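The values are calculated or read from the model by the stated rules, or taken from the named source; none is laboratory data. Small disclaimer: the values here were computed from a predicted structure and weren't measured. Note that each Cβ is placed from the backbone with ideal geometry, even for glycine, and that neighbours are counted across all protein chains shown. Surface areas here come from the heavy atoms of the whole protein model, side chains and all, with no ligands, DNA or RNA. Shrake-Rupley method; radii C 1.70, N 1.55, O 1.52, S 1.80 Å.
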Amino acid sequence: SRVSPELVFDQGPGDLFVVRLAGNFVNDDGLASLEYAVKFLGVPLLMVLGHSNCGAVEAAIKVVKDGVELPGHLPELIQSIAPAVTAAHARHPGDLLAATIEENVKLNVKRMHDDEPIVSEALAAKKIGAVGGVYDLASGKVRLI
């Protein structure tokens, strides 16, 4: 949510179909938007783009590890990121935040491959591609995962 894809990828307004959420995950509404982009706009590539020092991921770590409780609808946001926290923590990384950001991207790219019918079928037929990346706020570079 803190990265402007148009600037990162040197594209003009309207050149990219962008679905943005704090925490960079694919939920049902986001998936429906991606389905629309694939089915009716003919987009050739889907990308889950996380970013360094993600506050939503950091909050998810605090909730999962420390039992912090958040108000409003924030627990729903955290629930979508929590599997990445668990997976990253199991790897015993030195930098849990960076590992969770990367794991979150990987899990959400996988979700696009698994979720039926439109996106997964287009991916299986190689009509589109799906990749993940992490944008480094300090350097301005995207590292593909």
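If you go through the stretch 48-96 and keep only what is closer than 19 Å to Val134 by Cβ and either of a type in the set (Lys, Arg) or part of a loop (DSSP other than H, G, I, E, B) (or both), you end up with Ser52, Asn53, Cys54, Arg91, Pro93, Gly94, Asp95. Pairing residues of the stretch 81-99 that are on the phi < 0 side of the Ramachandran plot and of a type outside the set (Lys, Arg) with residues that are part of a loop (DSSP other than H, G, I, E, B) and open to solvent by less than 90 Å² (accessible area, probe 1.4 Å), at Cβ distances under 8 Å and at least 6 apart in sequence or on separate chains, gives Ile81/Gly23; Ile81/Phe25; Leu97/Cys54; Ala98/Ser52; Ala99/Pro93. Here's a check for you: in the stretch 39-51, which residue that is in contact with a helix residue (DSSP H, G or I) (Cβ under 7 Å, 6 or more places away or on another chain) and open to solvent by less than 20 Å² (accessible area, probe 1.4 Å) is farthest from Met112 (Cα to Cα)? Per the criteria, the residue is Gly50. I'm checking my understanding of the structure. Among residues of the stretch 1-36 that are without any contact (Cβ under 8 Å) to a residue 24 or more places away in the chain and in contact with a Pro (Cβ under 9 Å, 6 or more places away or on another chain), which one is farthest from Gly50 (Cα to Cα)? Checking each candidate, the answer is Gln11.
Specify the residue that is surrounded by the fewest Cβ atoms within 10 Å (Cβ to Cβ); the eligible residues are those in the stretch 111-145 that are in a helix (DSSP H, G or I) and β-branched (Val, Ile, Thr).
Once the filter is applied, the top-ranked residue is Ile118.
Within the stretch 9-29, one or more residues are in a loop (DSSP other than H, G, I, E, B), open to solvent by 70 Å² or more (accessible area, probe 1.4 Å) and in contact with a Leu (Cβ under 9 Å, 6 or more places away or on another chain).
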